[in-house]
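Notes follow once the structure below has been shown.
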Amino acid sequence: MKLENAIRVLAGSLVLLSLILSQLVSPWWLLLAAFVGVNLIQSAFTGFCPAENILRKLGVGRGETGSCCGTSA
């Protein structure tokens, strides 16, 4: 799987998880969705993507050149 696709899957999954947990457990789980959104916006402006660093360490996107967030490896 490409790194860019993995980041999209991760972000979408966390947003959906936070929506489900906010309905079942506590509305405070919406803060997780807000955190994901803020990180997506800041990565668009700064090029720094925490999810990219974590997924690269896990071996996702091995062999790719460049990155989805505008920085090179």
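Quick rundown of the values:
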{"item": "Pair list, Cβ < 7 Å and 6+ apart or interchain, from the range 42-70 residues that are farther than 13 Å from ALA6 by Cβ to residues that are assigned to a loop (DSSP other than H, G, I, E, B) and at pLDDT 80 or above", "result": "SER43/CYS49; GLY70/GLY47"}
{"item": "Qualifying residues in the range 18-73 (those that are of a type in the set (Phe, Trp, Tyr) and under 14 Å from the mean Cα position of the chain (by Cα)) - the one modelled with the lowest pLDDT", "result": "PHE48"}
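The values are calculated or read from the model by the stated rules, or taken from the named source; none is laboratory data. This is a predicted model, so every value here is computed, not measured. Neighbour counts run over all protein chains shown; Cβ positions are idealised from the backbone, glycine included.
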